[in-house]
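The values are calculated or read from the model by the stated rules, or taken from the named source; none is laboratory data. The model shown is predicted, which means the values in this text are computed figures rather than measured ones. FYI the Cβ positions are ideal-geometry reconstructions off the backbone, even for glycines, and counts take in every protein chain you see. When the accessible area is computed, the model is the full protein with side chains, heavy atoms only, and any ligands, DNA or RNA have been set aside. Shrake-Rupley method; radii C 1.70, N 1.55, O 1.52, S 1.80 Å.
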Amino acid sequence: MHQEHISAEKLLMLEGRKNTKFEKLHAISGPRGSKDSRVPVFVMLPLDTVTIAGNLNKPRAMNASLMALKSAGVEGVMVDAWWGLVEKDGPLKYNWEGYAELVKMVQKHGLKLQVVMSFHQCGGNVGDSCSIPLPPWVLEEMSKNPDLVYTDRSGRRNPEYISLGCDSLPLLRGRTPIQVYTDYMRSFRNRFRDYLGEVIVEIQVGMGPCGELRYPAYPESNGTWRFPGIGEFQCYDKYMRASLQASAEAVGKKDWGQGGPHDSGQYNQYPEDTGFFRRDGTWNTEYGRFFLEWYSGKLLEHGDNILAAAAGVFQGTGAKLSGKVAGIHWHYRTRSHAPELTAGYYNTRHRDGYLPIARMFSKHGVIFNFTCMEMRDREQPDNANCSPEGLVQQVKMATATARIELAGENALERYDAGGYAQVLATSRAESGNGLTAFTYLRMNKKLFDGENWRQLVEFVRSMSEGGRNRRLSELDSSGTNLYVGFIKDKSASKPKEAVAA
């Protein structure tokens, strides 16, 4: 493979697309049929793309990286707009400057941008390489009122995301969490109005930990949970408990409102270790069904409220909305699907938990973004009863039934042909929904290494050709075999890598 050390300035000249006209991303209504072949590929930017101080991190490296991605045929990039950075100086005080710099840079390279409204903390989950807590003024309210956050049966509090139990209560300096999220999205819309629909083509609305619509049932921080544990229900803050109590009284079963199931085990147990999740466990009794309907129903209501607000804010801007659902594939082969249940997805052998979510998304015209697209059943450990392929297939069918778009991501860092081949296979629409877009996790130094870069370029080509897995020519002269080496930063004495770390 041809390799060349090249300056950022020369890259800009080679790229030569500074003044190209930017076309709008084609809007697709409903699920993708088998005739639609092209699947645009986006690449997630580093979690610390914008610094704690609110500036664009390593702008020269970012510039060269974006140029390389453009040369590979990538459609665009995705970035987290962290609540903990943007509104950190106080309620309604927003700083979008670092993001504004990024938007202009993305536009200059003729790329598109997906922006995540990240209302969760960064740190403590798979792949979290930096720490960005919630805004300091929010943490101050949490210290005064610990019930603002999700709580498990042992009383462990989780500061990753505000409990949905207080969505409609004015506990954040006189505003409800939903109002705070809405004001944040409105501020973003007003600041980037001129770019929405043209450069910023998608807004992914964060609805929980990791930006996913779920409860933090499997927190990795402090070693609380490890794969493939079943996780724990997160319904023990006083607001969730009050809701459960009211629901139990409404069905004339006051005793059912005392708390979550007493026999649901602990984070790292297996379904068969518990009375609730085992094969013929309490999950499949009248009480179990009542509790799971309440627990999953609260999550659906939470998503519905946030997406209704987002749809109101971004209506008419030309930007699409998406929401992310977690790919909880372990113990999928069991009857109870315990880890999905603790996360809030009421999906069992007898009940489809993804169709209600897909229908709720459909109501607001929201793309269903799903992960673990690269995983194969045979790569998973036998003891975990995994079936990522079965899970993805179920989601493809649910989104097709609800007539909404399905977009995908990989769950873990992968650079190999096998992972890419699985995404290619999954992206097709022969059975259920095909993908309308794919976002690759994640841009880092490793991605630009020779063989990894070749694999990415080939994958992007294959996705743009509808999954025909064509080998790249060794003598490719279109600039895609670009080797991103080092550029000299004038303000520093040592060379800096031309790739955002």
For a quick check of your reading of the model, give me the residue pairs whose first member lies in region 265-278 and is open to solvent by 20 Å² or more (accessible area, probe 1.4 Å) and of a type in the set (S, T, N, Q), whose second is assigned to a loop (DSSP other than H, G, I, E, B) and at pLDDT 95 or above, with beta-carbon atoms closer than 7 Å and at least 6 apart or on different chains.
Gln266/Glu232; Asn268/Trp225; Asn268/Arg226; Asn268/Gly229; Gln269/Gly229; Gln269/Ile230
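Considering only region 372-384, state which residues are open to solvent by 10 Å² or more (accessible area, probe 1.4 Å), of a type outside the set (Asp, Glu) and free of Cβ contacts under 8 Å to residues at least 60 places away in the same chain.
Passing the criteria: Met375, Arg376, Arg378, Gln380.
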Residues (open to solvent by less than 50 Å² (accessible area, probe 1.4 Å) and not small (Gly, Ala, Ser)) located in region 303-317:
Asp304, Ile306, Leu307, Val313, Phe314, Thr317
So, in region 279-297, of the ones that are under 29 Å from the mean Cα position of the chain (by Cα) and buried (at least 20 other Cβ atoms within 10 Å of the Cβ), which residue ends up farthest from Lys363 (Cα to Cα)?
Trp283
One residue from Glu389, Glu413 being charged (D, E, K, R), open to solvent by 30 Å² or more (accessible area, probe 1.4 Å) and either farther than 19 Å from Asp352 by Cβ or touching a strand residue (DSSP E or B) at 6+ places or on another chain (Cβ under 7 Å) (or both)
Glu413
Listed residues Glu198, Glu232; which is in a loop (DSSP other than H, G, I, E, B) and touching an Asp or Glu at 6+ places or on another chain (Cβ under 6 Å)?
Glu232
Run Ser118 past the list (1) farther than 21 Å from Phe314 by Cα; (2) surrounded by 21 or more Cβ atoms within 10 Å (Cβ to Cβ); (3) hydroxyl-bearing (Ser, Thr, Tyr); (4) out of contact with any Lys or Arg (no Cβ under 7 Å at 6 or more places or on another chain) and report the number of the one that doesn't hold.
(1)
Within the group Val138, Val149, which residue is β-branched (Val, Ile, Thr), in contact (Cβ under 8 Å) with a residue 60 or more places away in the chain and surrounded by 20 or more Cβ atoms within 10 Å (Cβ to Cβ)?
Val149
So Tyr239 fits all but one of (1) assigned to a loop (DSSP other than H, G, I, E, B); (2) more than 20 Å from Leu341 (Cβ to Cβ); (3) within 29 Å of the chain's Cα centre (by Cα); what number is the exception?
(1)
A careful count of residues in region 195-220 that are closer than 28 Å to Gln107 by Cα and of a type in the set (Ser, Thr, Tyr) gives 1
Only residues in region 79-106 that are surrounded by fewer than 17 Cβ atoms within 10 Å (Cβ to Cβ) and small (Gly, Ala, Ser) count as the first member; pair them with residues that are assigned to a helix (DSSP H, G or I) and modelled with pLDDT of 95 or more, Cβ under 6 angstrom, at least 6 apart or cross-chain, and list the lot.
Gly90/Trp137
Which count do you get for residues in region 286-344 that are assigned to a helix (DSSP H, G or I), more than 27 Å from Met185 (Cβ to Cβ), in contact (Cβ under 8 Å) with a residue 60 or more places away in the chain and not polar (S, T, N, Q)?
3
For region 243-261, indicate whether the set of residues that are within 21 Å of the chain's Cα centre (by Cα), buried (at least 21 other Cβ atoms within 10 Å of the Cβ) and without any contact (Cβ under 8 Å) to a residue 60 or more places away in the chain is non-empty.
no
Considering region 351-371 alone, what residues qualify as being surrounded by fewer than 17 Cβ atoms within 10 Å (Cβ to Cβ), out of contact with any strand residue (DSSP E or B) (no Cβ under 8 Å at 6 or more places or on another chain) and within 20 Å of Gly206 (Cα to Cα)?
Arg359, Lys363
The one condition in (1) under 16 Å from Met117 (Cα atoms); (2) open to solvent by 30 Å² or more (accessible area, probe 1.4 Å) that Leu300 fails to fulfil:
(1)
Of (1) open to solvent by less than 20 Å² (accessible area, probe 1.4 Å); (2) under 27 Å from Arg226 (Cα atoms), Thr334 fails just (1)
Counting only residues in region 48-72 that are of a type in the set (Gly, Ala, Ser) and touching a strand residue (DSSP E or B) at 6+ places or on another chain (Cβ under 8 Å), the one surrounded by the most Cβ atoms within 10 Å (Cβ to Cβ) is identified as Ala64
Only residues that are surrounded by fewer than 18 Cβ atoms within 10 Å (Cβ to Cβ) and either modelled with pLDDT of 95 or more or among the small types (Gly, Ala, Ser) (or both): list them for region 199-232, please.
Ser221, Gly223, Arg226, Phe227
